[in-house]
Structures are given as structure tokens and as C-alpha cells.
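The values are calculated or read from the model by the stated rules, or taken from the named source; none is laboratory data. On a predicted model such as this, the values are computed, not experimentally measured, just so you know. Positions of Cβ are generated from backbone atoms using ideal geometry, with glycine treated the same way; all protein chains shown enter the neighbour counts.
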Protein chains: 2
Amino acid sequence: MSQLPKQPTEVSVPTSADVARLAGVSRATVSYVLNNNAAVRISEPTRHRVREAATQLGYVPHAAARSLRAGHSRLVLLPSGHIPSGPLHQYFFQELQAGLRRLDYTVVQYGSAGLADDEAVRAWAELRPVAVVVPPGITLTPHGTDVLTRSGAKAVITLGPEPVAGAHGLVMDQRRVGASAVAHLLARGRRRIGVVMPREPGLTPFSEPRLAGARQTAEPAGARVCPLPLGYEEESAAELAGRWRELELDAVFAYNDEYAMLLMRALQDAGVAIPGDTAVIGADDLLLGRLLRPRLSTVRMELAMDQPLAETIDRLVHHPGSAPVHQDLLRTGAVHRDSS
Amino acid sequence: MSQLPKQPTEVSVPTSADVARLAGVSRATVSYVLNNNAAVRISEPTRHRVREAATQLGYVPHAAARSLRAGHSRLVLLPSGHIPSGPLHQYFFQELQAGLRRLDYTVVQYGSAGLADDEAVRAWAELRPVAVVVPPGITLTPHGTDVLTRSGAKAVITLGPEPVAGAHGLVMDQRRVGASAVAHLLARGRRRIGVVMPREPGLTPFSEPRLAGARQTAEPAGARVCPLPLGYEEESAAELAGRWRELELDAVFAYNDEYAMLLMRALQDAGVAIPGDTAVIGADDLLLGRLLRPRLSTVRMELAMDQPLAETIDRLVHHPGSAPVHQDLLRTGAVHRDSS
């Protein structure tokens with residue numbers, strides 16, 4: 001038991017006053033050194049002494065107290081809980097977190113799953129973030145933007161498929177995904193196109209605009225688009241495949257690669273030839289899609305940004321009155337493999 | 001432009017004093033009502049008036065200020081950035097967040113990717129969480145536990161594969177996964193077993209104990225275990241499959257279903273019969289694994305808890321001096337399909 005640290009009840013939490021006493025400096029000096037305040041000139045030996053004392057005592061500055069003193073926070077809030085698991089979004093959020101940390105922001109994610117829109121916004125506002133980055137799948141209303149702004153947020157940014165009044169919009173227009181998929185299928189000579197609509201909750205903010213993009217692209221070509229509800233389970237796919245011939249489709253855009261893999265397997269098991277009878281295309285360019293036979297065609301997505309999002313956020317925080325930013329980040333392109 | 005809210009520079013942030021004035025009550029009453037303090041009796045009409053005034057002004061309580069006044073926070077911190085994307089972990093963290101919210105905690109995730117262990121712990125401590133739940137894949141040291149405890153954390157809980165001195169351990173012993181996979185392969189008559197070790201960073205906290213569990217199970221049966229480094233890309237899988245016959249293996253536990261799907265396809269392309277020449281088993285029981293032919297055998301994982309983790313955390317927060325909790329949450333079992 002000797003290697004166990006003392007139990008919490010016996011621990012006295014060290015304060016900046018303790019650090020100041022041990023280092024032989026003022027509390028203000030401790031604060032300047034540990035908060036990396038570059039505006040105040042403090043000699044390197046003194047800085048060293050303060051850091052040593054802090055380490056020895058196990059003292060860590062209090063982010064919330066610092067925020068209250070400064071009158072604003074360095075907290076950037078990323079509501080989470082609905083972020084799709086595609087590789088694009090994962091990479092995007094990791095880069096954003098790293099970029100904001102380099103600019104000395106504290107980035108936290110807050111799980112909003114299960115909260116109504118207004119409850120969620122109130123919960124976010126309680127944390128007094130200086131900026132809020134709302135991912136696609138979470139509804140931000142003009143009222144929500146107003147609550148956040150009034151509670152001190154200097155930048156409210158939506159990454160959703162649609163812009164929101166009062167918020168900056170760095171949107172990812174999901175219609176492009178459906179448009180790229182259907183343009184590819186049209187180029188392959190297909191005219192009767194099914195579009196998979198996942199039955200799973202939380203995906204509507206993606207599936208609806210993808211369907212809209214598919215329709216916008218199909219109509220001028222005189223092609224037909226047919227929405228196909230599909231649950232992410234083998235039974236649902238088998239049921240859809242069982243009535244495939246009645247649908248008289250010659251192609252399907254299957255929402256993403258996972259649904260495409262599920263449906264393609266069910267179609268093959270039902271005797272539908274891929275791509276002979278029906279062409280299949282997914283989205284996300286997952287490695288797993290390349291393992292099937294035929295290899296799955298897909299829509300690849302990339303983000304185009306003039307500057308890193310972290311720097312855009314920092315600029316908005318420092319110039320809160322500037323004109324609304326509106327930029328569509330999403331670039332898409334079909335990747336032709338063997339299933340289409 | 002008329003529907004845009006006022007620009008942030010023109011907004012005056014409403015305070016609890018403004019709410020008190022509008023509702024005709026004291027600031028203390030505002031605080032009691034909006035913080036749901038049940039210990040103070042306030043009439044329903046007064047509560048209603050306070051809430052109406054807060055809504056009208058767009059006032060939201062300040063979580064950090066409330067924490068400072070109370071002397072402790074209600075913030076539960078989940079460091080993130082390495083949480084594996086398996087369905088088990090996703091579900092687990094959603095349930096945990098919902099459970100803690102019901103108990104009136106504020107749960108935030110903090111991305112620690114790219115921070116050294118000590119930097120990460122200091123960043124967590126700055127947020128002054130009352131509890132920290134460290135997921136597998138993030139290293140918590142006894143020193144880190146001490147820093148967190150000294151900064152006010154009343155419960156530090158590791159979910160990692162191994163317990164940590166000073167922290168409560170609700171661990172998920174990943175050795176069970178390797179043990180279940182190998183026990184299944186032994187029962188199918190296999191004795192020369194490869195174990196895939198992913199080359200991708202961040203997976204070692206899972207792959208090493210899975211290998212250890214595989215070895216512990218193979219040895220008493222006189223079976224051989226051979227670690228097989230594999231990158232998550234087709235080239236790496238083709239390279240491994242190309243020298244498969246030299247390895248003289250009759251089975252492989254492929255870390256998880258995704259690596260198993262990748263390797264099984266490469267083995268098939270190299271002319272290795274599955275399961276005739278080599279049995280393959282993954283882990284996670286992904287739906288996609290059932291789409292391959294042969295259908296992928298897998299290790300299914302479940303969590304066993306005496307009570308919801310949120311309630312355990314709440315108990316530890318209220319009894320910080322209690323004896324260290326140690327519980328292994330993971331239950332595993334092989335699911336036999338057609339690849340083994």
C-alpha cells in the first residue's frame with residue numbers, strides 16, 4: 001500500500017499563494033509566469049523558481065478562475081454526440097483541436113445527445129465559451145445563437161449543411177455528395193436511380209441534403225430518383241433486395257460505404273448482378289469498401305479551407321463585430337471502381 | 001439583414017442582478033431557482049417569475065462561477081482522442097454522459113491527442129474537474145493521479161487495461177479478448193496461431209494485452225503464438241499474405257474485425273483457403289464482418305457493471321476517502337461463424 005498517494009480527504013489543495021511563498025515572489029508574479037503572460041517582463045531565473053515551486057507543490061492554475069478574472073474565457077466548445085464516424089470528420093476535429101491548442105485555447109467537447117435543442121444551448125452557455133463550433137447533426141437556431149452571444153460567445157460557427165442567421169457558417173454542403181454520386185451514375189448510362197435513406201436516427205441532416213443533391217442532378221438529365229429507406233441490419237437489406245426487381249432501378253447511391261456494402265451483399269444474395277443489373281456507389285472511400293468484390297465505387301470527400309479553421313476562429317474572437325463568414329468547405333468527387 | 005441578432009459588440013451580457021430586478025426578488029433567490037437548489041423552499045409562482053425573467057433576458061447561469069462559489073465543481077472530465085471507434089465504447093460513453101447529466105453533472109470531453117502525458121494531466125487539472133474518467137489508450141500515472149487529486153478531483157477512475165496506483169480502476173482487461181479468440185481456435189483444432197499487431201499508433205494499449213491473453217491461453221495447450229505486425233492498408237496485407245506459407249500458421253486472431261476483413265481478403269487473393277488452410281477470427285462483432293464470404297467469426301464484448309458507472313462516480317465523489325474500487329468490466333465470448 002506504500003506506493004498509494006494520500007487519500008483525497010487528507011490532501012490540502014495547493015494555491016498560488018503557496019507557490020508564491022515557496023518561490024519568494026508575489027502572487028501576481030506566479031500568475032504571470034504560469035499563465036505565460038508575455039506582456040510582463042520577468043527574469044528567467046525567477047520564472048524557473050516559480051515553475052519549480054509549482055511542480056514541487058503540484059499546483060495547477062485554475063482555468064475558470066483565470067477566465068473570470070480576465071472577463072472572458074479561452075474555452076472553445078465543440079458540442080458532440082452526433083459527429084459521424086467517417087474518417088473526414090475524425091481528422092477534421094483532431095486538426096481543429098490541435099490548432100486551437102497551439103493558439104492557447106482550451107477545447108472541450110460536450111455531449112448533447114438526448115437534450116432538446118434549447119436545453120442543449122443553455123447547457124453550452126453555462127460553460128461560457130468564447131467560441132462555439134456546432135457540428136453537422138446538431139440544430140442551431142437563431143435563438144440559440146442569440147443565447148450564446150448574450151452569454152459571452154464572440155464567435156458562433158455552424159458546420160451544418162445549412163447556414164444559420166446570426167452564426168458564421170463554415171458549412172459542408174452535403175448536397176454535393178448526392179450530386180457527385182448521381183453525376184457519376186448518369187455518366188455510366190444509368191437513369192433509374194435509388195437513393196438509400198438510413199432509418200437510423202441522427203442521420204437525417206446528412207441524408208436529406210444528399211437526396212436533394214441527387215434530385216437536382218438527376219432532373220435536368222431526365223433521370224428518375226427513388227428514395228429507399230434502409231435500416232443498418234441484414235434483415236432490412238434482405239427485405240429491400242427481395243423486392244428489388246419491382247422497383248425497376250438500374251443504379252443506387254447508398255448514402256455511404258457502410259450502407260452500400262450492406263445493400264450490395266443483399267442484392268448479390270438475391271441474384272442481382274452488380275454492376276450488370278444495378279450499379280452501386282457509396283461515399284467516404286472506406287478501405288473496407290475496396291475489400292468487397294466487385295470493389296465498391298464511392299464519393300470521396302475533402303475539405304477546402306483558405307486558412308486553418310483554428311485561425312479563422314481566433315480572428316472572429318478578436319473581431320466579433322466583423323461581417324458573417326460564409327464558406328462551403330466540402331469538395332467531392334466520384335471514385336470509379338468495379339461496382340458501377 | 002433584419003433577422004440577424006445584434007452584433008456581439010453591442011450586446012450587454014445579462015446578469016443574475018438583471019433577472020432579480022425584473023422578477024422583483026433577491027439575487028440569492030434567482031440563484032436558488034436557476035440552480036435547482038431543492039434545499040431552499042421557494043413558492044412555485046416565484047420560481048415561475050424568475051424563470052420567465054431569465055428567459056426574457058436570455059440569462060444563463062455561469063457554471064464556472066457557480067463552481068467557484070460552491071468550492072467544488074460538478075464537472076466530470078472525459079479525456080478523449082484515443083477512444084476506439086468500436087460500438088461497445090461508443091455506446092458506453094453515450095450512456096455514461098446521459099447518466100451523469102441525470103445526476104446534474106456537467107460532462108465534457110477534452111481532446112488530449114498530441115499532448116505528452118504530464119501536459120495532458122496539467123491541462124485536465126486546469127479545468128478543476130470533480131471527477132476524471134480516463135479511457136483506455138491514455139496513460140494515467142500515479143503522479144498524474146496525484147496532480148488531479150490535489151487540484152480537487154474527488155474521483156479519478158481509469159478504464160484502461162491495467163489498474164493505476166491511487167486511481168479507482170474500472171478496467172476492461174483486454175487480455176480476455178485474446179484469450180477468448182485463442183480458446184475458440186484451440187477448440188477448432190488449431191495449434192499454430194498468428195496474432196495481428198496493428199502498426200497504427202495508439203492501439204498498443206489494446207493490442208499488447210490481447211497478445212498476452214492469447215499467449216496465456218495457448219501455452220498450456222502446447223500451441224504456438226506468432227505476433228504479426230500489419231498496417232491498415234491493402235499493400236501491408238498483401239505483403240503479409242505473400243509470405244503466409246513460410247509462416248506455417250493454421251489460424252490467425254486478427255486484432256479486430258476490420259483488420260480481420262483486410263487480412264482475410266488478402267489471404268483469399270493469395271490463394272489461402274479460409275478456413276481450410278487458415279482459420280480467421282476478429283473482434284467487435286461488426287455487422288460488416290457478416291457481409292464477407294466466409295462470414296467472419298468474432299469475439300463479442302460486453303460490459304458487466306453492478307450499477308451504472310454514473311452512480312458509481314457520484315458515490316465516489318461523495319465519499320472521496322473510500323477504499324479503491326477495482327472491477328473488471330469486460331465480458332467476452334467467441335461467436336463462431338464460417339471463417340474458423
Practice task
Please go through region A:208-235 and pick out each residue that is within 14 Å of chain B (Cβ to nearest Cβ) and surrounded by 17 or more Cβ atoms within 10 Å (Cβ to Cβ).
Solution key: A:Leu230
Practice task
Please list, ordered by first then second residue, the pairs with beta carbon atoms under 7 Å, 6 or more apart or interchain, first in region B:273-290 and within 14 Å of another protein chain (Cβ to nearest Cβ), second among the small types (Gly, Ala, Ser) and in a loop (DSSP other than H, G, I, E, B).
Solution key: B:Ile274/B:Ser339; B:Val280/B:Ala254; B:Val280/B:Ser339; B:Val280/B:Ser340; B:Gly282/B:Ala254; B:Asp284/B:Gly86; B:Gly289/B:Gly282
Handout entry: Odd one out for A:Ile313 among (1) closer than 30 Å to A:Ser151 by Cβ; (2) surrounded by fewer than 22 Cβ atoms within 10 Å (Cβ to Cβ)
Key = (2)
Practice task
Evaluate region A:243-266: report whether one residue or more is surrounded by 15 or more Cβ atoms within 10 Å (Cβ to Cβ), closer than 12 Å to A:Val182 by Cα and of a type in the set (Phe, Trp, Tyr).
Solution key: yes
Exercise for the section: Find the helices (runs of 4 or more DSSP H) located wholly in region A:22-129 whose residues include 3 or more that are within 11 Å of chain B (Cβ to nearest Cβ), at pLDDT 80 or above and out of contact with any Phe, Trp or Tyr (no Cβ under 6 Å at 6 or more places or on another chain), and list them. Expected result: A:44-57, A:87-102, A:117-126
Exercise for the section: Output the residues belonging to region B:191-207 that are surrounded by fewer than 22 Cβ atoms within 10 Å (Cβ to Cβ) and in contact (Cβ under 8 Å) with a residue 24 or more places away in the chain. Expected result: B:Arg191, B:Arg192, B:Met197, B:Pro198, B:Arg199, B:Glu200, B:Gly202, B:Leu203, B:Pro205
Exercise for the section: For A:Pro220, indicate whether it is out of contact with any helix residue (DSSP H, G or I) (no Cβ under 6 Å at 6 or more places or on another chain) and within 16 Å of A:Tyr255 (Cβ to Cβ). Expected result: no
Completion exercise
Restricted to region A:143-156 and to residues being farther than 12 Å from A:Pro320 by Cα and touching a strand residue (DSSP E or B) at 6+ places or on another chain (Cβ under 7 Å), the residue surrounded by the fewest Cβ atoms within 10 Å (Cβ to Cβ) is A:Thr145
Exercise for the section: State yes or no: is A:Thr158 hydroxyl-bearing (Ser, Thr, Tyr) and within 9 Å of chain B (Cβ to nearest Cβ)? Expected result: no
Practice task
Would you confirm whether any residue within region A:206-222 is at pLDDT 95 or above and within 16 Å of B:Leu292 (Cα to Cα)?
Solution key: no
Exercise for the section: Residue by residue through region B:161-174, note down the ones that are in contact with a helix residue (DSSP H, G or I) (Cβ under 7 Å, 6 or more places away or on another chain) and within 14 Å of chain A (Cβ to nearest Cβ). Expected result: B:Val164, B:Ala165, B:Gly166, B:Ala167, B:His168
Problem - Positions within region B:140-160 being under 21 Å from B:Leu329 (Cβ atoms) and polar (S, T, N, Q), in sequence order - result: B:Thr145, B:Thr158
Problem - Any chance B:Pro229 is assigned to a strand (DSSP E or B), in contact with a Ser or Thr (Cβ under 9 Å, 6 or more places away or on another chain) and not basic (Lys, Arg) - result: yes
Completion exercise
Subset of region A:268-310, residues crowded, with 21+ Cβ neighbours inside 10 Å, of a type in the set (A, V, I, L, M) and more than 28 Å from A:Pro161 (Cα to Cα), comes to A:Ile274, A:Leu291, A:Leu292
Fill in the blank from the handout: Within region A:294-324, the residues that are among the hydrophobic types (A, V, I, L, M, F, W, C), within 19 Å of A:Val107 (Cβ to Cβ) and within 13 Å of another protein chain (Cβ to nearest Cβ) are A:Ala310, A:Leu316, A:Val317
Practice task
Please indicate, with yes or no, whether at least one residue in region B:238-260 is of a type in the set (Asp, Glu), touching a residue at least 24 places away in the same chain (Cβ under 8 Å) and more than 25 Å from A:Leu286 (Cα to Cα).
Solution key: yes
Exercise for the section: Output the number of the condition that B:Val133 fails; it satisfies all remaining conditions of (1) assigned to a strand (DSSP E or B); (2) surrounded by fewer than 20 Cβ atoms within 10 Å (Cβ to Cβ). Expected result: (2)
Handout entry: Failed item, numbered, when B:Arg176 is tested on (1) in a helix (DSSP H, G or I); (2) of a type in the set (D, E, K, R); (3) farther than 23 Å from B:Thr298 by Cα
Key = (3)
